[in-house]
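*Asks:* Mind having a look at this structure? Questions to follow.
The values are calculated or read from the model by the stated rules, or taken from the named source; none is laboratory data. The model shown is predicted, which means the values in this text are computed figures rather than measured ones. As a convention, Cβ positions derive from the backbone with ideal geometry for all residues, glycine included, and neighbour counts pool all protein chains shown. Side chains are part of the model used for accessible areas, which takes the heavy atoms of the whole protein and leaves out ligands, DNA and RNA. Shrake-Rupley method; radii C 1.70, N 1.55, O 1.52, S 1.80 Å.
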Amino acid sequence: MMASKPLETFQADAPLVAVRDVKKTYFTRQASIQAIGSASLDIGRGEFVSLLGPSGCGKSTLLMMIAGLEQPTTGTISLDGSEVLKPRNDIGIIFQDATLLPWKSALENVLFPIRILKRPVAQYREKARELLNMVGLSDFENKKPGELSGGMRQRVAICRALIHDPDILLMDEPFSALDAITRDQMNVALSEILETYRKTVVFVTHSIREAAFLSDRVVVMGGRPSSILLDMKMPFPRPRRFEIAETPEFAQVCRRLRLTIEEGHAAPSRQVAAPFKVIE
Ligand code: ADP
Ligand code: MG
């Protein structure tokens, strides 16, 4: 007799994102570039996972493949059990640059995905205002991007990514262009937003501190060809406030992450010295 699990339990256990033996090589006219040597990774529903590593280790490539905007050369990526073969509507993406439409107000920018998805905009206006309120921009809904600071524009981009209530939020170095103080504030703001709107998040960064502060798990990528060097749980309780970043435990976690990145960088098979900068 076969002992089978009830279906519900099975689904609850299944990862939302499953990356299986993925390799990615880009073929250009001049050369083939191995962006990812191998990667396997599970991300559970509601988890916040950071991809951390030096420039060029394939973090953005992995994110784009999860979004269905690039395809693995070999291996598979599944979302909620089905293979990702084309771009998906049920994700929200945030890039380093807020990429807002300059001629539209903050509110209209937040509502833009609703227009693209051809959903009834009027029904989402209240939600858009609620999101802007959540990020402290209630008084700015009629301002154009040019009238907002960099941090404010990125807050609008976060609201825009959340307006259609996607399961997954993909963020590619969203705060890298901001000054250090604004960046710390954005990290706290993002944690607070996610306490209200629980999402599964894949967050790309090369900042060790940012990854440690925000994440449930930090996945370190590196080496040549690049692979996953470490997958580490962050042992800090939530809700998190910035004070945790000053504890010895936090420093110890950051040290472990930094050493892993350095070891990956020093891998003997390395052929080209990659520009290597880690912000702590
Ligand atoms: P990261 O985000 O970690 O900096 P990327 O995923 O952007 O790394 O890039 C990994 C490698 O793949 C780099 O060597 C990069 O130059 C190369 N690469 C990325 N995108 C493309 C592309 N569209 N065509 C060719 N090579 C690419
Ligand atoms: Mg990148």
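*Asks:* Checking the structure you have, find out if any residue of region 73-92 is at pLDDT below 95, open to solvent by less than 60 Å² (accessible area, probe 1.4 Å), within 16 Å of ligand 2 (Cβ to nearest atom) and of a type outside the set (D, E, K, R).
*Replies:* no
*Asks:* Still on this structure, I have one more. Checking the condition over 16 Å from the mean Cα position of the chain (by Cα), in contact (Cβ under 8 Å) with a residue 60 or more places away in the chain and surrounded by 21 or more Cβ atoms within 10 Å (Cβ to Cβ), which residue from Ala39, Ala14 passes? Write out each step before concluding.
*Replies:* Numbers: Ala14 fails: surrounded by 21 or more Cβ atoms within 10 Å (Cβ to Cβ).
Selected residue: Ala39, the only one of Ala39, Ala14 that is over 16 Å from the mean Cα position of the chain (by Cα), in contact (Cβ under 8 Å) with a residue 60 or more places away in the chain and surrounded by 21 or more Cβ atoms within 10 Å (Cβ to Cβ).
*Asks:* Among the residues of region 110-120, what is the count of those that are part of a helix (DSSP H, G or I) and within 10 Å of Ile163 (Cβ to Cβ)?
*Replies:* If we filter region 110-120 for residues that are part of a helix (DSSP H, G or I), which is where we start, we get 110-116.
Cutting the leftovers down to within 10 Å of Ile163 (Cβ to Cβ) gives us 110-114.
Selection size over region 110-120: 5.
*Asks:* Quick one: in region 148-196, of everything that is closer than 30 Å to Arg119 by Cα and among the polar types (S, T, N, Q), which residue is nearest to ligand 1 (Cβ to nearest atom)?
*Replies:* Initial filter on region 148-196 (closer than 30 Å to Arg119 by Cα): 148-175, 186, 189-196.
When the remaining residues are screened for being among the polar types (S, T, N, Q), the result is 149, 154, 191, 196.
Numbers: Ser149: 26, Gln154: 18, Ser191: 23, Thr196: 29 Å.
Only one residue fits best here, namely Gln154.
*Asks:* Which numbered condition trips up Thr205, out of (1) open to solvent by less than 10 Å² (accessible area, probe 1.4 Å); (2) hydroxyl-bearing (Ser, Thr, Tyr); (3) away from ligand 1 (no atom under 16 Å from the Cβ)?
*Replies:* The failed condition is (3).
*Asks:* Additional query: Of these, Thr28, Thr61, which one is of a type outside the set (D, E, K, R), within 16 Å of ligand 1 (Cβ to nearest atom) and without any contact (Cβ under 8 Å) to a residue 12 or more places away in the chain? Steps first, answer last, please.
*Replies:* Working: Thr61 fails: without any contact (Cβ under 8 Å) to a residue 12 or more places away in the chain.
Thr28 is the lone residue from the list that is of a type outside the set (D, E, K, R), within 16 Å of ligand 1 (Cβ to nearest atom) and without any contact (Cβ under 8 Å) to a residue 12 or more places away in the chain.
*Asks:* Okay, next question. Checking the conditions here, which among Glu108, Glu126 is modelled with pLDDT of 95 or more and open to solvent by 70 Å² or more (accessible area, probe 1.4 Å)? Talk me through it step by step, then tell me what you get.
*Replies:* Numbers: Glu108 fails: open to solvent by 70 Å² or more (accessible area, probe 1.4 Å).
None of the other options fit; the residue is Glu126.
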